[in-house]
Amino acid sequence: MTVNPKELTAVIFDMDGTMVDTESIYHIAWQELATDLGYTLDQTMLKATTGRRISDCYAIIQAALGADFPMQHFQEQWWNYWTRHVQRHGIARKAGLDQLLNLLDAHAIPKAVATSSERTEALYTLDRAGIADRFSILVTGDQIQHGKPAPDIFLLAAERLGVDAQHCLALEDSEAGVQAATAAGMTTFMVPDRIQPSLDIAERAFRVVDTLHEVHDWIVEEWLAVVVEKEEGAATTSRIERLRTEWTETSGHEWV
């Protein structure tokens, strides 16, 4: 995939697994609850839920465990298991996140969150991770008709930012997220969390990197370098226009 950094204007972040280490907490909570109910959630099943809306996760789990699985009870109780784990262990921010957010803020680059989590869960997570005040735009899984891997959530985030989706840089950790972001036409960095991408997904992404530090460095070396060059070019043009005007006014001749 060829990307022109001159065209990028905003960054859209996935939340779970990309900015914060919460995918593992979901899996632990679901596994503990399923065990208490006499069932087992294996890694294949958990992988299928990664990056998806909770309603889609319910459908995946129900289909895998059968009609007898007490899904209503599962839906009512999993949040208690999840929050109990968070209260004990907290929510860790991913390596390089703070540095990246500081960079974007320093250069006034617009940013948003596009998470499959529902709004209540997302606000709780961002608050517990200490980054709720870093974002003014939050798009959640309960605000769209089709969840990841459909592009809806990224398209809505771009709309709320007031930018074209093709001018956005998307950051994702899951295969479903990469599918969604690339389907929206976004330049997509994949930062795998617990699961490495398939060859197909890796080829869809613009880059597959180990940490957000690498995203930070790319923005500095590729995106901002172009922005600075463009700004300096604009400044040069502006100076020439001023000289042109001054020459015409003082000499009475047109500068050609």
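The values are calculated or read from the model by the stated rules, or taken from the named source; none is laboratory data. In this text, all values refer to a predicted model and were calculated from it rather than measured experimentally. In this analysis, Cβ positions are derived from the backbone assuming ideal geometry, glycine residues included, and neighbour counts consider all displayed protein chains.
Quick notes on this structure:
- When D56 is tested against (1) among the acidic types (D, E); (2) surrounded by 15 or more Cβ atoms within 10 Å (Cβ to Cβ); (3) touching a strand residue (DSSP E or B) at 6+ places or on another chain (Cβ under 9 Å), only condition (3) is not met.
- Residue that is nearest to D16 (Cα to Cα), among those in the range 142-164 that are more than 13 Å from the chain's Cα centre (by Cα) and of a type in the set (G, A, S): G147
- Only a single item in (1) at pLDDT 95 or above; (2) surrounded by fewer than 20 Cβ atoms within 10 Å (Cβ to Cβ); (3) closer than 19 Å to L138 by Cα is not met by I12, and it is number (2).
- Counting only helices (runs of 4 or more DSSP H) wholly contained in the range 35-96, the ones carrying 2 or more residues that are free of Cβ contacts under 8 Å to residues at least 24 places away in the same chain and among the small types (G, A, S) occupy 54-65.
- Filtered residue count, the range 104-120, keeping only those that are surrounded by fewer than 17 Cβ atoms within 10 Å (Cβ to Cβ) and outside any loop (DSSP other than H, G, I, E, B): 4
- Which numbered condition I153 misses (of (1) assigned to a helix (DSSP H, G or I); (2) within 23 Å of N4 (Cα to Cα)): (2)
- Verdict on L101 being at pLDDT below 95 and either assigned to a helix (DSSP H, G or I) or loosely packed, with under 15 Cβ neighbours inside 10 Å (or both): no
- For the range 158-177, taking the residues that are of a type in the set (A, V, I, L, M) and touching a Phe, Trp or Tyr at 6+ places or on another chain (Cβ under 9 Å), the one that is farthest from H216 (Cα to Cα) is identified as A165.
- Residues of the range 121-173 that are in contact with a strand residue (DSSP E or B) (Cβ under 9 Å, 6 or more places away or on another chain) and aromatic (F, W, Y): F135, F154.
- With respect to the conditions (1) surrounded by 15 or more Cβ atoms within 10 Å (Cβ to Cβ); (2) at pLDDT 95 or above, G51 lacks only one, and its number is (2).
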